[in-house]
Amino acid sequence: MPSSTLEGLRLFRRERVDPEPYYRFLAQQIVEQLPFDLAGARVLDLGAGPGYLARALQDEGAFVAALEPA
């Protein structure tokens, strides 16, 4: 089993008491699997929630507008 899978399982076990590390991990995994370079890309994140995905996209160099409707 890849180490990233084991890390994800470890974080998932604590998701109820400390959700942020788990959701940051998931967002990073999603961004790493994108088939294109994000540097300089403009991204609109609709329904951004707490912004885990938006932050992961920004960390890869994307310009992100994150919106969460009220």
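The values are calculated or read from the model by the stated rules, or taken from the named source; none is laboratory data. These numbers were taken from a predicted model, which means no experiment stands behind them. In this analysis, Cβ positions are derived from the backbone assuming ideal geometry, glycine residues included, and neighbour counts consider all displayed protein chains. Ligands, DNA and RNA are excluded from the accessible area calculation, which covers all protein heavy atoms including side chains. Shrake-Rupley method; radii C 1.70, N 1.55, O 1.52, S 1.80 Å.
Odds and ends about this structure:
- Nearest 10 degrees, 0 to 90: helix 3-13 Cα axis against the chain principal axis: 80
- Normalised per residue, the accessible area of the chain is 75 Å², obtained with a 1.4 Å probe and no contribution from ligands, DNA or RNA.
- In the chain, Cα pairs under 8 Å separated by at least six residues give a relative contact order of 27 percent.
- Residue-wise HN-Hα coupling along segment 57-67, computed from phi with Karplus coefficients 6.51, -1.76, 1.60 (Hz; x: Gly, Pro): 5, 4, 4, 8, x, 7, 8, 10, 10, 9, 10
- When the chymotrypsin sites (Phe, Trp or Tyr not before Pro) in segment 1-57 are filtered for DSSP coil states and for at most 10 other beta-carbon atoms within 10 Å of their beta-carbon, the remaining sites are Phe36.
- Size descriptor, Kirkwood hydrodynamic radius, that averages inverse alpha-carbon separations across the chain, Å: 13.0
- Cut-off 13 Å, label 7 Å out along Cα→Cβ of Glu68, residues of segment 18-57 by amide N: 20, 46-55
- By accessible area, using a 1.4 Å probe on protein heavy atoms only, the chain has 55% of its surface on carbon and sulfur.
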